[in-house]
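J.: Got a structure for you, written out below as structure tokens; questions coming shortly.
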RNA sequence: GGUCCUGUGGCCGAGUGGCUAGGCAGUGCUCUGCAAAAGCAUCCACAGCGGUUCGAAUCCGCUCGGGACCUCCA
């Protein structure tokens, strides 16, 4: 019963029972970042959301293959034929190689994900590593009459696809609206219809550095192609979960879907998941709106909208307090509240470590008390099983924490709830906080500051010739791997060598 | 303009036909040398107007407000 996971499938718009295609294996593909600049907090929210989903699936015992790509080519600045590749543009701007751009921001992305305690994916493929596969897919699509070549570029023929399939079924769009809703963009002459999208872009006659040989021209692949190709390569022609931010639903995921269906004749994905946006004053956080926060700005507090710094785990907790499919509004007050809540939860772990059965406590467990504990533990699973509702899960964990604190203050005793329920409570709390929600204890202790206090005590004891105390301090510190050094210039400390 | 989402207490945010969400803040009390932490109690709510129902924050309609996508975005 506790394993009845239900997830909201964007394709059907309904909450569906999660049944993997080949249990216990689960294939999950998440659209990763385009590495042309720093990831901002909104980007982070999506990856943290999928980190929770990944962690929970693992916790349920599934063998998950989590693929998250790195987009390092093909993502155009806009949809026009003359649209520049984002990576190439940045490289030109900074006068470095495109691959230097890619390397720099990929490394930065990994560092940030690590700071937020997100588990690395099982496979992290890059678009440039799969040019051959992308060319093969384009050839297949041309063969099937779903793509056409113009001047060395190849476009997906949405109208031709529409004859047998339904373009727009994921994003809820009608093809007629898309066809009539044409926007005048420069240099779209090559495409037969504005809804058609690039599979291959010719770089002939341009100074594009990122180019590969193909049957059509020296050029580079279109953005939507990489996900189709890499998803298929590592997870198969049908896999369980495909996720990404809400803003990728159209056109990116719609195009991906069309490419897969066009090439293989059937849907590639059983459950589509979309995470919602992080907002600032009610508006979507995005690079183009200039309202985004970079992780390091948050950690340092160095941003005009920030009153003070916030730690990675505070921010993670803040994100967990909302559901992944809801927008989440960023504010100082909310972050401050999150910091306190987060620390309270962490203090619970500490309290829990020190809870033990008292000697001579052997009263019979109170049925009601035991049932309450079990109820709360069940609730944690129930909440996560309901489309990964982390906000509700946190609520239940705080209820559990209240019980833990009651034990701590002896308003409640372990014997009253019974050893079994106590063990379950302990295990549930730790597992949910650390493993499933992926929170960790952050030590912001300043060891130099602490040692100053100790050294003052030490100096005072020496002054008073209280050598017993001096010896105790020395040996206690030594057991922590720290040695004190009495020098003419004063007392110093060092790690034991 | 089209499509869709959304409006919950001082703040943030779950819930979704009947049962205390939770966190932060506030108030009172217990504990305490003073604090802090913790506990106990308490205050503050479902945008507005209609409708369905024994019962609606939850379903339906309208009005008003906010947002997303339709162009690059997680």
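The values are calculated or read from the model by the stated rules, or taken from the named source; none is laboratory data. Quick caveat: nothing in here was measured; it's all calculated off a predicted structure. Heads up, the Cβs are rebuilt from the backbone with ideal geometry, glycines too, and the neighbour counts pull from every protein chain shown.
J.: With respect to residue A:29, determine if the residue is in contact with a helix residue (DSSP H, G or I) (Cβ under 6 Å, 6 or more places away or on another chain), under 17 Å from residue A:230 (Cα atoms) and away from RNA strand B (no atom under 13 Å from the Cβ).
T.: no
J.: Out of A:112, A:44, report the one residue that is in contact (Cβ under 8 Å) with a residue 12 or more places away in the chain and touching a helix residue (DSSP H, G or I) at 6+ places or on another chain (Cβ under 6 Å).
T.: The conditions single out A:112.
J.: Would you mind stating whether residue A:233 is surrounded by fewer than 19 Cβ atoms within 10 Å (Cβ to Cβ), over 26 Å from residue A:144 (Cα atoms) and in contact (Cβ under 8 Å) with a residue 40 or more places away in the chain?
T.: For residue A:233, the condition - surrounded by fewer than 19 Cβ atoms within 10 Å (Cβ to Cβ), over 26 Å from residue A:144 (Cα atoms) and in contact (Cβ under 8 Å) with a residue 40 or more places away in the chain - is not met.
J.: Is it the case, given these coordinates, that residue A:174 is touching a helix residue (DSSP H, G or I) at 6+ places or on another chain (Cβ under 8 Å) and surrounded by fewer than 17 Cβ atoms within 10 Å (Cβ to Cβ)?
T.: Taking the combined requirement at face value, the residue does not satisfy it.
J.: In addition: Does residue A:278 satisfy being within 13 Å of RNA strand B (Cβ to nearest atom), under 25 Å from residue A:249 (Cβ atoms) and free of Cβ contacts under 8 Å to residues at least 12 places away in the same chain?
T.: no
J.: Something else: Being surrounded by fewer than 17 Cβ atoms within 10 Å (Cβ to Cβ), near RNA strand B (Cβ under 8 Å from one of its atoms) and more than 37 Å from the chain's Cα centre (by Cα) narrows it down to one residue among A:411, A:406; which is it? Give the steps one after another, and end with the answer.
T.: Details: A:406 fails: more than 37 Å from the chain's Cα centre (by Cα).
So the residue among A:411, A:406 that is surrounded by fewer than 17 Cβ atoms within 10 Å (Cβ to Cβ), near RNA strand B (Cβ under 8 Å from one of its atoms) and more than 37 Å from the chain's Cα centre (by Cα) is A:411.
J.: Considering only the range A:171-192, I want to know if a residue exists there that is in a loop (DSSP other than H, G, I, E, B), in contact with a strand residue (DSSP E or B) (Cβ under 6 Å, 6 or more places away or on another chain) and either under 30 Å from residue A:89 (Cα atoms) or modelled with pLDDT of 95 or more (or both).
T.: Quick first cut of the range A:171-192, residues in a loop (DSSP other than H, G, I, E, B) only: A:171-174, A:181-192.
From what is left, the residues that are in contact with a strand residue (DSSP E or B) (Cβ under 6 Å, 6 or more places away or on another chain) are A:190-191.
With either under 30 Å from residue A:89 (Cα atoms) or modelled with pLDDT of 95 or more (or both) added as a condition, the list becomes A:190-191.
Yes, some residue in the range A:171-192 is in a loop (DSSP other than H, G, I, E, B), in contact with a strand residue (DSSP E or B) (Cβ under 6 Å, 6 or more places away or on another chain) and either under 30 Å from residue A:89 (Cα atoms) or modelled with pLDDT of 95 or more (or both).
J.: On to the next question. Looking at A:267, A:302, which one is surrounded by fewer than 21 Cβ atoms within 10 Å (Cβ to Cβ) and in the same structural domain as residue A:42 (by TED's automatic domain parsing)? Let's see the steps before the verdict.
T.: Details: A:302 fails: in the same structural domain as residue A:42 (by TED's automatic domain parsing).
Answer to the check: A:267.
J.: What helices (runs of 4 or more DSSP H) lie completely within the range A:92-170 and have 3 or more residues being touching a strand residue (DSSP E or B) at 6+ places or on another chain (Cβ under 6 Å)?
T.: It comes to A:131-143.
J.: Right, here's the next one. Is the range A:353-363 home to any residue that is touching a strand residue (DSSP E or B) at 6+ places or on another chain (Cβ under 8 Å), in the same structural domain as residue A:407 (by TED's automatic domain parsing) and either within 8 Å of RNA strand B (Cβ to nearest atom) or free of Cβ contacts under 8 Å to residues at least 60 places away in the same chain (or both)?
T.: Scanning the range A:353-363 turns up no residue that is touching a strand residue (DSSP E or B) at 6+ places or on another chain (Cβ under 8 Å), in the same structural domain as residue A:407 (by TED's automatic domain parsing) and either within 8 Å of RNA strand B (Cβ to nearest atom) or free of Cβ contacts under 8 Å to residues at least 60 places away in the same chain (or both).
J.: Name the one entry in A:270, A:287, A:249 that is under 30 Å from residue A:322 (Cα atoms), in a loop (DSSP other than H, G, I, E, B) and in contact (Cβ under 8 Å) with a residue 24 or more places away in the chain.
T.: So the residue among A:270, A:287, A:249 that is under 30 Å from residue A:322 (Cα atoms), in a loop (DSSP other than H, G, I, E, B) and in contact (Cβ under 8 Å) with a residue 24 or more places away in the chain is A:287.
J.: Give the residue that is nearest to residue A:170 (Cα to Cα), with candidates limited to residues of the range A:234-255 that are more than 10 Å from RNA strand B (Cβ to nearest atom) and touching a strand residue (DSSP E or B) at 6+ places or on another chain (Cβ under 8 Å). Explain how you work it out, then say what you get.
T.: Initial filter on the range A:234-255 (more than 10 Å from RNA strand B (Cβ to nearest atom)): A:234-242.
Right, trim to touching a strand residue (DSSP E or B) at 6+ places or on another chain (Cβ under 8 Å) and you get A:234-236, A:238-242.
Details: A:234: 22, A:235: 20, A:236: 20, A:238: 16, A:239: 16, A:240: 16, A:241: 14, A:242: 12 Å.
Filtering first and then ranking leaves A:242.
J.: Here is a further query. Consider the range A:34-67. How many of its residues are more than 10 Å from RNA strand B (Cβ to nearest atom), touching a strand residue (DSSP E or B) at 6+ places or on another chain (Cβ under 6 Å) and outside any helix (DSSP H, G or I)?
T.: The total comes to 6.
J.: Modelled with pLDDT of 95 or more and within 26 Å of residue A:439 (Cβ to Cβ) - does that describe any residue in the range A:67-85?
T.: yes
J.: Taking the range A:406-463 as the region of interest, how many residues are at positive phi and outside any helix (DSSP H, G or I)? Steps first, please.
T.: First pass over the range A:406-463, keeping only residues at positive phi: A:410, A:418, A:438.
Now narrow it down to the ones that are outside any helix (DSSP H, G or I): A:410, A:438.
Matching residues across the range A:406-463 total 2.
J.: Being farther than 17 Å from residue A:74 by Cβ and surrounded by 20 or more Cβ atoms within 10 Å (Cβ to Cβ), is that true of even one residue in the range A:203-223?
T.: Scanning the range A:203-223, I find no residue that is farther than 17 Å from residue A:74 by Cβ and surrounded by 20 or more Cβ atoms within 10 Å (Cβ to Cβ), so the answer is no.
J.: How many residues, within the range A:135-171, are more than 16 Å from RNA strand B (Cβ to nearest atom), surrounded by 15 or more Cβ atoms within 10 Å (Cβ to Cβ) and within 32 Å of the chain's Cα centre (by Cα)?
T.: Qualifying residue count, the range A:135-171: 3.
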